[in-house]
Amino acid sequence: YTTLYDFAPAGYLTLDRNSRICELNFSAAKMIGKERSRLIDNNFNLFITSETLMDYNNFLQKIFADKSKETCEVRFIINNNPTIFAHIEGIISEDEQNCFLTVIDITEQREAQNYSRFFSNAVLELVQFKTPKDVFVYTVNKLYDLFNGSIIIAGVEYDNPNNRWKMHEVKGINSFLDNGLKKIGIDLRNMEGEINTPFLPALEKGKLAELEFDLKTLTNGKISGKLNSVVRKLTPIKKLLVIPIKTEGIIYGTITLVITKNSAEIERQLNETFITQISVFVEKLLLESELRENEKKLMAAEKIAHIGNYEIDLKTNNAIWSEETFRIFGVEYQRGKELTVSKYGGLIHPDDNLNFYNNYQQCISENRTLNLVYRIIRTDKEIRFVHIIGELEINERGIPVKMFGTLQDITEQKTAELKLLKTEKRAAELAIVNKELEQFSYLASHDLQEPLRTVTNYIKVFEEDYYEILDDTARKYLLAVKMAIERMRRRIKSLLDFSRLGRNSSFVSVDCKKIIDEVISDLDNIIKASGAIIEVGEMPKLDLYEVEIREMFQNLISNAIKFQKKGNRPKIQIRAEEIDNTWKFSISDIGIGIPPIYFERIFDVFQRLHADEEYEGTGIGLANCKKIAQLHQGEIWVESTPGQGASFYFTIQN
């Protein structure tokens, strides 16, 4: 009995009312960290830490006062340092002068609880992290604190696509070694290299890699030979434990624990369960970081596409909106804010309200998808078109409980559709005119050659007659007739050019810069006469209709020189930029400008902005440009403010 008592797993003590130790077994003495003979007659309070002493005193008083069985937890002090945690059960003796205590070591359980609490608290701090680097720095610092600073620990992130690793944080390195390494050009906190470590195969299997400390390996050969041997002797490092941060076959990085003589006790704590906890912890941090990044991308995508998402509880009629949904309705965003369906109804256009609710209720009753376009009135009173799609969540009894889906602002698309309808109507009205133009174009290409020759001959005759007459009035009238015939000739020639665009041509590789330079050379006389300054930016080489694109540039540059304010020196800029496989060209000037009402009309045949003779022209040049742009699967338009110049733009598919 005595042997069982002395060496039982639990500690046993007998105390008097003043907490004086009357008797104890060897197990109790071992927990307290003293020889049994030196503990007899000492006050038990002397071996309990201050933070648990009050609980112990209350526990002892209750035993003697209530004469009942009581329990408490204390922590013992050994050599002035807190050590093990103990669970104590106590009961009063029959003579009520002493109490008997049973003491059980619960240190491992408490440490496990501390670890669990540690990781639980860490998870709550995840919201502050935005990048993997933040994650690794945080992990290293947390674990360093967990081990009370008695360890060297480093965090390394793996950039797997580029086969690179990068050190993000090192803690616990002494200043002597840290400064010494910096002097030879090694900054531990900014080290990086290729992922070719000798322990990689072990890490890929998800195992803890244990290796000897070797600066030659850790510094990719920067420290070797004698210097490596000296450093190993100066540092009390025993070995390295490398923990893979890994999930689904991907190693995100490693946490390396440098075991020193001062941290030997930590080896006992580094069991497989603990390593798993660290891996799961860091993996969760990385996944949370990735999730937040994906949420940001989703929000950005929603914003770009004007698509929001929502969720409606069909029982309470409460709706949760994404940020973009709030933005579509012009409502200030509040995360997690709920709007009832009735409040939502106040944002629907009155003319569409009944149709919306009929569709909504019908979808729920028939268990089908909601798909509807309707109008809303934003809080700023702006009317917008939206397209809603809703899917139902059905419970096990087949009853719809939730609707979730997307809401897209399609105002621009709807406006374009309405404009297209107007355009189609206008196109129908102009169908006859277009047919006549086609017929005219055909006739022009076949039947206007002879009139062109006739008009040209008339001009020659009038020139001869003009010089043979010494009467001024006759010459004046003759000159007016000649100019009228010349204008007719130019118009006939322009019509012929218009009818021939795209015929007997094929795409060839064209250097646009060379074409523009040649056009500028052809226009040298009028450029010098006007004093025009022409700036040409970088230009592409494209497959184009060469003759047609040359005419495009010639018409636009000529117009930019021609339509200038009196007394102004023309300044023209020619630019090109690629946008989504489409080249956008611009020719800008600082001339008289164009009123908005003419923006579309000027591209029609025979439409001249200035009918007087101050600015000569046939009224066909811009119509040619429009047709040339269409030949290249592009379009042409103008932007202008009267009195401040104009910018003509045209696009060409790459």
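Derivation of every value follows stated rules applied to the coordinates shown; laboratory data play no part. Everything numeric in this text was worked out from a predicted model, so none of it was measured. Methodologically, a virtual Cβ is constructed for each residue, glycine included, from the backbone with ideal geometry; neighbour enumeration extends over all protein chains shown.
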The FRET efficiency for Ser586 and Asn371, from their Cβ-Cβ distance with R0 = 45 Å and rounded to 0.05, is 0.65
Quick one: Karplus J couplings for the range 506-511, per residue in order, coefficients 6.51, -1.76, 1.60, θ = phi - 60°, nearest Hz, x for Gly and Pro?
8, 5, 9, 5, 10, 8
Amide H of Lys565: which non-local residues (sequence gap of 5 or more, or other chain) have their own amide H closer than 5 Å, using H built in the peptide plane?
Ile592
Once you list every other residue whose beta carbon is under 15 Å from the beta carbon of Pro540, what net charge do they have if Lys and Arg are +1 and Asp and Glu are -1?
-3
Suppose the chain between Gln361 and Val508 were pulled fully straight at 0.36 nm per residue; how much longer would it get relative to their current alpha carbon spacing?
46.9 nm
Stretch gain in nm, segment Asp134-Asn568, where the contour uses 0.36 nm per residue and the Cα spacing is subtracted
150.2 nm
Segment Asp351-Asn160, length gained on full extension (0.36 nm per residue, minus Cα span):
63.1 nm
Taking 7 Å along the Cα-to-C-beta vector as the label spot, tell me the Asn42-Ser93 distance in nanometres, rounded to one decimal.
2.1 nm
Lys402 paired with Glu108, simple spin-label distance in nm, labels 7 Å along Cα-to-beta-carbon:
4.3 nm
Could you give me the ³J(HN,Hα) list for the range 4-10, computed from phi with Karplus coefficients 6.51, -1.76, 1.60 and θ = phi - 60°, whole Hz, x at Gly and Pro?
4, 5, 5, 10, 5, x, 8
What distance in nm separates the two pseudo spin-label positions at Phe176 and Arg17, each 7 Å out from Cα along the beta-carbon direction?
5.9 nm
For Asn309, the residues 5 or more places away or on another chain with a placed amide H closer than 5 Å to its own amide H are Ser322, Glu324, Thr325, Leu407
Quick one: which residues, 5+ away or cross-chain, put their amide H under 5 Å from the amide H of Tyr252? H built at 1.01 Å from N.
Ile245, Lys246, Thr247
Could you go through the range 55-65 in sequence order and give the Karplus-derived ³J(HN,Hα) for each residue, using 6.51 cos²θ - 1.76 cosθ + 1.60 with θ = phi - 60°, rounded to whole Hz, and x for Gly and Pro?
4, 5, 4, 4, 4, 5, 4, 5, 4, 6, 7
Between Glu194 and Ala10, what's the calculated FRET efficiency when r is the beta-carbon distance and R0 is 35 Å? Round to 0.05.
0.05
What FRET efficiency do you get for Leu53 and Asn395 if R0 is 56 Å and r is their Cβ-Cβ distance, rounded to the nearest 0.05?
0.50
